[in-house]
Amino acid sequence: MSKTINIARYNPQTDSRPQLQAFQVESDNSTSVLDALLQVQQQDPSLGFRWSCRMAICGSCGVMVNGIPKLGCKTFLRDYPDELTVSALAHFNVEKDLIVDMQPFLTHLAAVKPYLINDDQSSQPHRQTPAQLAKYQQFANCINCGLCYSACPQFGLNPEFLGPAAITLAQRYNLDSRDAGKTARMPELNSKNGVWGCTFVGFCSEVCPKKVDPAAAVNQGKVASAGDFIISMFKP
Amino acid sequence: MQQLQQDIIVVGGGGAGLRAAIAAAETSPTLQVALLSKVYPMRSHTVAAEGGAAAVTLEQDSLAAHFQDTVSGSDWLAEQDVVEYFVKHAYQELVQLERWGCPWSRKADGSIQVRRFGGMKTERTWFAADKTGFHILHTLFQTSLKYPTITRFDEYFVIDLLVVEQQIAGVLAICFSTGELVQILGKAVILATGGAGRVFHYNTNGGIVTGDGMALAYRHGVALRDMEFVQYHPTGLPGSGILITEACRGEGGILLNKDGYRYLQDYGLGPETPAGQPKNKYMELGPRDKLSQAFWQQQQRGLTADYHGHAVVYLDLRHLGEAHLASRLPFICELAKSYVNIDPATAPIPIRPAVHYTMGGILTDINCQTSISGLFAVGECASVGLHGANRLGSNSLSELLVFGKVAGEQAAARVQKMSLAPVSAVAAQCQHQQTYISSLFADSCDDTVHAIRTELTLAMEQGCGIYRDNAGLQTCLSTLQALKIRYQQLKVTDNSKAYNSALLQHLELGFGLDVADTICRSALARTESRGAHQRLDEGMTQRNDSDFLKHSLAICQPDGTAAISWQSVTITSLPPAERHYGAKGSGSAGSSV
């Protein structure tokens, strides 16, 4: 059957702001929003959007569908009425059509030192029990799609806020039994743009397509940060 | 045109490119390493690898066994010195990933867990649940952030290599966000651009896997080796081709035809093993070429089922139980539910073969060096000689690490003693490309990238599929020639500067057409059957070592088509033998000594 997809178009050379344009697409039970965008691109090759794996693992195709952040490849037209609206991810600068500037997101990721920090030089693998792995495994499943930033009202107000994915990534390493870098990461998490920027709306976890639960990571970060604060009070 | 200078330029931000960049940065903290990718590195297709990475790990395993499995898996077309180097260094590379934080799955005592994989005699595949490539890629990407000398150029699309008198001088790229051409001079260039699966219609690959790097090198006279060997993965989802990992079978999944019969026992892979008790190199743990061929045979006999117009067989995981599926194959459960609306704990998954991997690629030596001095290639875009006529699952993730490191170190060693080419030496080439890009734009055009690409991918599927014959290959070749003529007339009608995907797709299609031509012509020239290349023509259905125990080399002619020549295979310790799996394989030199 045919459905109407309204797409927020924006060409920086000619437009002052995005405007909706309607397209008709053919849809069956398996048609994803990404499939629909690819159909539209056949009608109009100038449509800009990012995609690659079409199996919800590369994290490229985040868009707003009827105002909710979604992965295009894992959102299906069958779940919408005859008409739906697709726009660029909220809270990022729109560069063209559905393409946003992801640079702030990447800067925040890099800021939390997202790598193992330790000074042991062994050439053998660490031992890490399944229980130790389970402590951080969920947080290691983030695909960097950025949906949680579009869901986060704080990031919308303050782009300097580290945001859900970066704080989750910091927690992923802080909780890793092989890591000794927590003290190096905490200043960033304790800063005014760190965990305390979060007002615990929890929408980030709702929109996460991989069930990473960034809100839980942020909350754990707050506990760790509060611990840091209490310890610092007792230090001379 | 913006002009930049770097020491080493890595093209491609997947597993191989990131590993090479890190190796180069570790070699010397004074080298400037540029990492260019047409996407953000964590979008690279390494992300979609699921099953795992192979290395000899258990006490009862040996380097000799991994070597034998790989060589017989390759149908004796692997470079044996390369395989020796690979099996010897794979373990340390997986440990290195562990030490960088990769969340490998573990045994109860905290040591590394390994799983079974097709064509491997012993369990030796390291895994991170069923998202191994994802975790490897993110671990490498995050680790790369530690090195201040690695400068990323995200969303830069390389359109040409700059070459001066057979020495690499840099690259010419389009900055996707601005549409501007950027000239980057460098003393070494490492191509790590991945495969070309998207020249086929049904494939497991992401949209970005378009063969760019292969075509870049090929157009400068570097040979593409063994291009006729294209791997069909036996278990892709019908229609989309989404990958359902071989680890499903490693964990004990079974394949059934429409009658519920385990048909693999009829194709030299039996006897049937009990469901849920997988046996290495038997039945579902045979190599990918044999399994995909068995599907085709079943289809010919009318024994496949229909799923919305696609011929399918079934991958049954029900006997593994919900808890085991949730811990070992969580991503597969998610994919099956999302894309075919099936819960693998309660129903079998409809699957069919889909193009997965290009065994061939840019010819390199064991040091990843190509025939252009200072130009290296690594990973799926390259043919270092590891996979021959058929790749074993879980060898390629290890390959990107082992040879990514080699490429990075070799490039670093080279640049210490080199200086940059003068800008004047590449000016004409850059000017030529700039003129060419400008000439592509027009207000209207009757033809489209989509139309040509669809015909290309369907022609490849039809002519260069699991089984090939002369008539089909000839038809495919004439289609390709007609499409190339249409491509020359094709124009880009979107003249916007920022994020012009129409322009990028246009250029990707040009790369794909060149790569497809090399696949088709190499397949025509190999008039025998070996590994993933199976001919139906009379007198060609068997392996023919006396005439074809050699690599094909596709070399670009002035008219843009490939001429095929041949290169001998390096054989060190395992002379060619018959390749056996299942009961026939037990004890024979060919498979399980």
Angle check, please: helix B:288-300 long axis (alpha carbons) against the longest principal axis of chain B (alpha carbons), in degrees 0 to 90, nearest 10.
70
Relative contact order %, the stretch B:242-294, counting alpha carbon pairs below 8 Å whose residues are six or more apart:
33
Amide H contacts under 5 Å for B:Tyr40, restricted to residues at least 5 apart in sequence or on another chain and with H modeled in the peptide plane, are B:Glu155
How many angstrom separate the Cα center of the stretch B:126-156 from the Cα center of the stretch B:41-111?
18
Given charges at beta-carbon only (K, R positive; D, E negative), |dipole| of chain B in Debye
620
Translational D in µm²/s for chain B (Stokes-Einstein at 25 °C, 0.890 mPa s, Kirkwood Rh from C-alpha pairs):
102
Need one number: % antiparallel among DSSP beta bridges in chain B, to the nearest 5.
65
Using a 10 Å cut-off around each Cβ, can you sort A:Ile230, B:Ile564, B:Ile22, B:Ile571 from fewest to most neighbouring Cβ atoms?
A:Ile230, B:Ile571, B:Ile564, B:Ile22
Karplus 3J(HN,Hα) series, Hz, for the stretch B:340-357 with 6.51 cos²θ - 1.76 cosθ + 1.60 (x for Gly, Pro)
10, 6, 10, 9, x, 6, 10, 8, x, 8, x, 9, 7, x, 9, 4, 10, 7
Where in the stretch A:166-220 are there chymotrypsin sites (Phe, Trp or Tyr not before Pro) that are in a DSSP coil and have at most 16 other Cβ atoms within 10 angstrom of their Cβ?
A:Phe200
Take every residue in peptide A:108-115, count the Cβ atoms of other chains within 10 Å of its Cβ, and give the average of those counts.
4
With no solvent and one equal point scatterer per Cα, compute the Debye intensity ratio I(q)/I(0) for the stretch A:103-234 at 0.15, 0.16, 0.17 Å⁻¹ and report its log10, rounded to two decimals.
-0.68, -0.77, -0.86
Ranked B:Met418, B:Met540, criterion: other C-beta atoms within 10 Å, fewest first
B:Met418, B:Met540
Which pairs, out of A:Lys96/A:Lys192; A:Lys211/B:Lys131; A:Lys74/B:Lys131; B:Lys88/B:Lys281, put more than 24 Å between their alpha-carbon atoms?
A:Lys96/A:Lys192
Global geometry of the stretch B:234-352, whether rounded, prolate or oblate, following the gyration tensor of its Cα atoms and the 1.5 cut on a/c:
oblate
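Return the subset of A:Lys3/B:Lys491; B:Lys107/B:Lys584; A:Lys3/B:Lys337 for which the Cα-Cα distance in this structure is over 28 Å, preserving the input order.
Working: A:Lys3/B:Lys491 30 Å; B:Lys107/B:Lys584 33 Å; A:Lys3/B:Lys337 23 Å.
Checking Cα-Cα distances, A:Lys3/B:Lys491; B:Lys107/B:Lys584 exceed 28 Å.
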Test of understanding: ordering A:Lys211, B:Lys497, A:Lys113 by Cβ neighbours within 10 Å, fewest first, what list do you get?
A:Lys211, B:Lys497, A:Lys113
By the gyration tensor of its Cα atoms, with a ≥ b ≥ c the square roots of the eigenvalues, what is the shape of the stretch B:139-235: rounded for a/c under 1.5, prolate for a/b over b/c, or oblate?
oblate
MRE, 222 nm, helices only [DSSP H, n ≥ 4, -39500 (n - 2.57), over chain B, to nearest 500]:
-11000 deg cm²/dmol
Centroid-to-centroid separation of the stretch B:302-325 and the stretch B:329-389 [C-alpha atoms, Å]:
21
Could you give the distance between the Cα centres of the stretch B:440-491 and the stretch A:55-98, to the whole Å?
32
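Going by a ≥ b ≥ c, the root eigenvalues of the Cα gyration tensor, does the protein assembly as shown fall in the rounded group (a/c under 1.5), the prolate group (a/b larger than b/c) or the oblate group?
Rounded shape, in that the Cα axes give a/c under 1.5.
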Below 8 Å between Cα atoms, with a sequence gap of 6+, how large is the relative contact order for the stretch A:2-100 in percent?
35
Setting aside same-chain residues fewer than 8 positions from B:Lys146, which aspartates and glutamates have a Cα under 19 Å from its Cα?
A:Asp119, A:Asp120, A:Asp176, A:Asp179, A:Glu188, B:Asp7, B:Glu26, B:Glu93, B:Glu98, B:Asp154, B:Glu409
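Bear in mind these aren't lab numbers, they're just calculated from the coordinates by the rules spelled out. Quantities reported herein were computed from a predicted structural model and do not represent experimental measurements. Reconstructed Cβ throughout: ideal geometry from the backbone, glycine too, with neighbour counts over all protein chains shown.
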